[in-house]
Amino acid sequence: MPMDFGVEEFGAGKTKTVSMQFINIAHPEQIVNFSQATLIGLGKGQGLFFPQKLAPLDNIRGLLEMDFIHRSSVILQTLVGDAMTPGQLQGCVARAFDFPIELRPVSGQVFALELFHGPSLAFKDFGARFMAQCLATFRKNQHTTILTATSGDTGAAVAKAFYRQPGVDVVVLYPHGKVTPLQEKLFCTLGENIRTIAIEDDFDACQRLVKQSFDDPFLVSSLGLNSANSINVARLLAQVCYYFEALARLPAGTRPVFSVPSGNFGNVTAGLLATAIGLPMKRMIAATNRNDTVPRFLSSGKWEPRTTVSTLTNAMDISLPNNFPRVLELERRHGLPLKELLTSFSVSDAATMDAIRTLDASGYVADPHSALAWNGLTDRLEEQETGVFLCTAHPAKFVSTLETALNRSVPLPAELEEVVDKQVLSTRMPSDFTQLKRFLLA
Ligand SMILES: *Cc1c(COP(=O)(O)O)cnc(C)c1O
């Protein structure tokens with residue numbers, strides 16, 4: 001692939017020889033490069049990897065004029081350093097980000113950034129597909145088994161990202177009967193190198209089985225286990241890129257306010273990371289559902305997680321947001337003024353339903369997560385400010401909530417239409433490690 005993306009001009013030429021280090025936040029003595037961080041996933045003592053130093057991008061205006069793939073390659077090069085050559089990186093970016101992003105005006109100065117046009121119809125495609133490409137680059141010729149647990153969206157993004165990748169087998173565990181029928185059709189009908197297991201228990205049980213598997217040295221070595229977990233730093237870095245794309249689509253000089261529907265706070269971390277390297281944004285609103293550990297923390301200074309409750313925005317039903325230590329690290333280590341940049345609010349299910357209806361009345365159909373982000377933004381935007389809310393899932397993925405809110409049917413996009421009549425290929429299994437192990441080794 002030709003390297004025609006202005007390597008020298010944008011300072012990425014320098015990064016060819018710069019080695020970027022990733023530090024384990026919990027154990028700062030563990031320092032690795034990007035390829036090790038991606039392959040290891042989680043550091044010692046369950047610590048998260050995060051860039052040790054950040055190099056600000058120069059010529060932001062020039063960068064915003066580039067197309068998405070070239071710009072994203074330049075941005076990611078400054079984050080991953082010499083762990084990948086510019087050619088390798090650009091190839092990974094082009095193969096991972098092979099679907100469009102849309103920025104739609106919704107009302108006045110408010111825009112919807114649609115991140116759900118990938119194969120699994122959720123923004124998680126950005127992270128999962130980029131990570132899959134990185135693993136393919138780094139793992140040499142070893143056979144790999146990706147074992148992951150999902151409550152819905154991650155499983156589909158991971159399965160689609162690794163589908164038909166040579167030398168990789170994927171096993172996805174999900175709670176039987178607890179993902180929507182359409183979500184199930186998206187990742188349980190693929191076959192080939194994708195195997196899915198419906199566990200007769202809840203999501204926590206699925207996650208326990210995955211952890212037990214990783215604690216079994218024989219399984220890990222004989223299968224080459226990797227988790228494609230959402231805390232993998234490769235997934236996080238990929239998400240930095242679409243914040244810049246939003247800026248590129250807005251009138252020159254706009255410094256928008258972003259509203260992000262938040263659960264594990266990966267998306268918020270990526271936006272703040274983008275700001276730390278030069279994204280000109282005004283501030284960020286992290287909108288949560290009733291699981292409001294972070295809004296309460298930001299107003300009281302006390303970290304007091306409560307029991308997780310179920311809401312309409314089930315991808316955000318999390319009371320222990322995995323990525324929050326990275327947000328704090330951005331302030332502590334990289335000097336980001338969090339108080340100025342980040343506020344967080346909790347939105348009720350009733351307000352989310354209202355938001356779906358209000359948006360629909362103005363001609364925009366949003367899924368519950370995206371509608372919640374719009375609610376977080378709409379009353380808090382000051383005059384003269386431009387707001388962008390992130391749309392994280394396609395509305396059709398949450399068709400039953402939308403039909404309840406709007407009292408009419410919602411059409412399915414081609415990706416769902418295609419799979420709706422296909423047979424689910426999953427194996428059903430009780431929550432039993434011995435049976436899972438036998439299945440994996442068969
Ligand atoms: C995962 C997910 C979120 C939450 O994103 P985080 O990065 O975990 O905060 C929001 N909306 C949808 C549709 C999701 O799948």
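Points to keep in mind about this one:
- Label zone at Asp379, where the point sits 7 Å out along the Cα-to-Cβ direction: the range 340-372 residues whose backbone N lies under 15 Å: 344-356, 358, 372
- Residue among Cys391, Leu298, Gly81 farthest towards the positive dipole end of the chain, charges placed on Cβ: Gly81
- Max mean-square fluctuation residue, GNM over the chain, Cα-Cα springs under 10 Å, options Lys339, Lys397, Lys178: Lys339
- Sites Ser348 and Val424 - FRET efficiency at Förster radius 30 Å, r taken between beta-carbons, to 0.05: 0.35
- Placing unit charges on the Cβ atoms only, positive for Lys and Arg and negative for Asp and Glu, gives the chain a dipole magnitude near 880 debye about its Cα centre.
- Contact order relative to length of the range 145-200, as percent, for alpha carbon pairs under 8 angstrom and 6 or more apart: 41 percent
- Charges were assigned to the Cβ only: +1 to each Lys and Arg, -1 to each Asp and Glu. The resulting dipole of the range 254-369 about its Cα centre is roughly 440 debye.
- Relative contact order for the range 289-393: 24 percent, from Cα pairs under 8 Å spaced at least 6 residues apart, divided by residue count.
- Between Asp216 and His27, the contour length at 0.36 nm per residue exceeds the alpha carbon distance by 65.7 nm.
- Using a probe of 1.4 angstrom and keeping all protein chains present, the accessible surface of the chain works out to 40 square angstrom per residue.
- Of Lys44/Lys211; Lys185/Lys437; Lys160/Lys437, pairs whose Cα-Cα distance is over 19 Å: Lys185/Lys437; Lys160/Lys437
- Compared with the alpha-carbon gap, the fully stretched path from Asp58 to Arg438 is longer by 131.5 nm at 0.36 nm per residue.
- Rg to Rh, two decimals, where the chain supplies the alpha carbon set and Rh follows Kirkwood: 0.94
- In the elastic network of the chain, a GNM with C-alpha springs shorter than 10 Å, the most mobile of Gly152, Gly335, Gly224 is Gly335.
- Evaluating 6.51 cos²θ - 1.76 cosθ + 1.60 at θ = phi - 60° for every residue in the range 22-38, the Karplus couplings come out as 10, 9, 7, 4, 7, 10, x, 6, 8, 10, 9, 8, 5, 5, 5, 4, 5 Hz, glycine and proline recorded as x.
The values are calculated or read from the model by the stated rules, or taken from the named source; none is laboratory data. Predicted model, so just to flag it, every value in this text is computed and none were measured. Positions of Cβ are generated from backbone atoms using ideal geometry, with glycine treated the same way; all protein chains shown enter the neighbour counts. For the accessible areas, the whole protein counts, side chains as well, though only heavy atoms, and no ligand, DNA or RNA atoms are used. Shrake-Rupley method; radii C 1.70, N 1.55, O 1.52, S 1.80 Å.
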